[in-house]
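Q: Below you will find the structure I want to go over with you.
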Amino acid sequence: MLIVMKADATERDIAEVERVITELGFRPHSVPGPSRTAICVTGNQGPVDITPFENLRGVAEAIRVTKPFKLVSVDLRPEKTVVKVGDAQIGGEELAIIAGPCAVENREQVFAVAETVRRSGARFFRGGAFKPRTSPYAFQGLGEDGLKILAEVREATGLKIVTEALDESGVDLVERYADVIQIGARNMQNFSLLRRAGRSRLPVLLKRGLSAMLDEWLLAAEYVMSEGNYNVVLCERGVRTFAQHTRNTLDLAAIPAVRRISHLPVVIDPSHGTGHNYMVMPLARAGVAAGADGLIIEVHDHPERALSDGAQALTLEQYEHLVSEVRAIHDVIAPAPVG
Ligand code: PEP
Ligand code: MN
């Protein structure tokens, strides 16, 4: 159920609605907007009786939600969400750029890439300390030592750190050293991990699962949000299809499709979405042209020596060129009309 408050509803009116929801054994999620506050009810298995709410002071209407989406939905929040990360943000007017190596390999590599990323004007640095590798014998990441290097990058450059947590204990560590928790494609339906991230104070970058439908991806975001963390960024990183010319098929139609349902920002990952260096630039351009709020790009100072995902890594020069092009494209894209 969704309770829409009147524009002149007071904080006391809102608190009273929240109290009644809690008393019924459910959880209230108040989402203030520029024109009104909406309160979403979660924790109910079946339909909630709307009558106790209809006559409470300040309530404009109580709506029964029949769709599976509640907290991600534009019904709850018609305005787009801007996820704030300190003084940076994703979903605002500026195109968010998250760039860095696939994996943290050593301090020299990370700092070489970070310096270029900082100079490009990007606000976010990516790099995995815990790598979800297909083979148990492949490089698994430096673990906490890798996070320490990322924290040094943050200190030295002011870049916000986006890094993956593979499990719940990984979230504890990421919280200590980084700014945004990445949940990887392989973990998109790891529900205990999603719930743990939902109890974090850090925003979550939620990658689409390798074979996830839109509904499944958005419901994964609901898991995070239902625990009280509303700062979720969706990341389209390609899904598995019969195509053999790419590592994954980057689904750019997901951008307008998500927009129709959800207020959450969407970023595009053309690196994992294609798997090939030469395809990253054209798909990054296309993602921005299709209305993405940002890009996440893998960059390496020596791609041929990369310990993971070298084939899709951009060189420092290619990355700089990409940033200047996608910024120019973003400048000519007007904010998309709702609908
Ligand atoms: C990554 O960002 O390096 C990564 C492993 O991504 P994904 O979960 O999309 O495969
Ligand atoms: Mn990677």
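Q: Would you mind finding the longest exposed-site-free stretch of the chain, with exposed GluC sites (Glu not before Pro) meaning DSSP loop and at most 13 other Cβ atoms within 10 Å? If you can, show how the numbers build up before the last one.
A: Working: sites that count: 79, 93.
Excluding the exposed sites themselves, the longest stretch runs over 94-339.
Q: Take each of the peptides 265-271, 248-254, average the number of other beta-carbon atoms within 10 Å over its residues, and list them starting from the highest.
A: Values: 265-271: 28.4, 248-254: 18.4.
The packing order, highest mean first, is 265-271, 248-254.
Q: So if I take the alpha carbon set of region 83-333, get Rg, then get Rh from the Kirkwood formula, what is the Rg over Rh ratio? Kindly include the intermediate steps, with their values, before the conclusion.
A: Numbers: Rg = 16.2 Å, Rh = 17.6 Å.
Radius of gyration over Kirkwood radius for region 83-333 works out to 0.92.
Q: Return a single number: how many Lys pairs in the chain, at a sequence separation of 8 or more or on separate chains, have alpha-carbon atoms below 28 angstrom apart.
A: Pairs that pass both the separation and distance tests number 22.
Q: Quick one: 3J(HN,Hα) in Hz for region 222-235, Karplus 6.51/-1.76/1.60 with θ = phi - 60°, rounded, Gly and Pro as x.
A: 4, 4, 5, 5, 5, 8, x, 9, 9, 8, 10, 10, 8, 10
Q: Given a Förster radius of 45 Å and the C-beta distance between residue 201 and residue 278 as r, what FRET efficiency does 1/(1 + (r/R0)^6) yield to the nearest 0.05?
A: Numbers: r = 40 Å, r/R0 = 0.88.
The formula returns an efficiency of 0.70 here.
Q: What's the local net charge at residue 195, with K and R +1, D and E -1, over the other residues with C-beta under 12 Å away? Write out the running numbers ahead of the final one.
A: Working: positive: 196, 199; negative: 168, 222, 227.
Its environment carries a net charge of -1.
Q: Add -39500 (n - 2.57) for each DSSP H run of 4 or more in the chain, then divide by its residues: what number comes out at 222 nm, to the nearest 500 deg cm²/dmol? Mind showing how you got there, number by number?
A: Numbers: 11 runs with 118 residues, N = 339.
So the helix-based figure for the chain works out to -10500 deg cm²/dmol.
Q: In sequence order, what are the phi-derived ³J(HN,Hα) couplings for region 157-171 according to the Karplus relation 6.51 cos²θ - 1.76 cosθ + 1.60 with θ = phi - 60°, rounded to whole Hz, with x for glycine and proline?
A: In residue order, the calculated couplings are 10, x, 5, 7, 9, 10, 8, 7, 10, 8, 8, 5, 5, x, 5 Hz.
Q: Which percent, nearest 5, of DSSP beta bridges in region 83-333 are antiparallel?
A: On the way: 4 of 31 bridges.
Within region 83-333, antiparallel bridges account for around 15 percent of the total.
Q: Please list, in order along region 323-332, the HN-Hα scalar couplings obtained from phi with the Karplus expression 6.51 cos²θ - 1.76 cosθ + 1.60 (θ = phi - 60°), rounded to whole Hz, x for Gly and Pro.
A: Taking θ as phi minus 60°, the curve returns 4, 5, 5, 5, 5, 5, 5, 4, 5, 9 Hz for region 323-332.
Coordinate-derived values only; no laboratory data. From a predicted model like this one, the values you see are computed outputs, not experimental measurements. Ideal geometry is used to build each Cβ from the backbone, glycine not excepted, and the neighbour counts take in all protein chains shown.
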